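Presented below is the structure to which this report refers.
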Amino acid sequence: MAIRGGAFLVAVSSLGETIHEALYRECREELGIEVQDAVLTGFYYHSKQNAQVAIFRCSIPEAAEIKLSFEHSDYQWTPLSELSEVQRRRALDALEYQQGHVVSRAF
């Protein structure tokens, strides 16, 4: 999920790579872009899925053009007000990130 304004939210995991390496790879593979300035802003536990999710804030170069992989058919920029409560909280945590303070929450 992406949010215009510099926040990029991606859940990542793969064997043999760091979470930052996975973030960069996933953005290249699935969106066709190179993100910059990636900062881990939150780590969340979702009880319904029994899953841990890492959320990053990073920059998308101004001239970048999103080119979706075959795994996706469409994307859209979504106003915060239209996100679910959980998505909105994670997005706000990323947008309000203060250097050195990674948020941890359970939903």
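For this structure, a couple of remarks:
- Label point of ARG28 set 7 angstrom out along Cα-Cβ; within segment 49-64, amide nitrogens under 20 Å from it belong to 56-64.
- Length available on full extension from LYS48 to PHE107: 0.36 nm per residue minus the Cα-Cα distance, which gives 20.4 nm.
- Rolling a 1.4 angstrom probe over the protein heavy atoms with all chains in place gives the chain an accessible area of 64 Å² per residue.
- Antiparallel DSSP beta bridges within the chain, as percent of all bridges there, nearest 5: 75 percent
- For the chain, the 222 nm mean residue ellipticity estimated from helices alone, with every DSSP H stretch of n ≥ 4 adding -39500 (n - 2.57) and the total spread over all residues, rounds to -7000 deg cm²/dmol.
- Across segment 41-107, C-alpha contacts under 8 Å between residues 6 or more apart give a mean separation that, scaled by the residue count, equals a relative contact order of 53 percent.
- The alpha-carbon atoms of segment 19-84, seen along their principal axes, cover 37, 26, 24 angstrom, with the largest extent given first.
- Carbon and sulfur %, accessible surface of the chain computed with the full protein complex present, 1.4 Å: 48 percent
The values are calculated or read from the model by the stated rules, or taken from the named source; none is laboratory data. Fair warning: this is a prediction, and the values are worked out from it, not measured in the lab. Cβ: placed from backbone, ideal geometry, glycine included. Neighbour counts: every protein chain shown. Accessible surface is based on the protein model in full, side chains and every heavy atom, while ligands, DNA and RNA are left aside. Shrake-Rupley method; radii C 1.70, N 1.55, O 1.52, S 1.80 Å.
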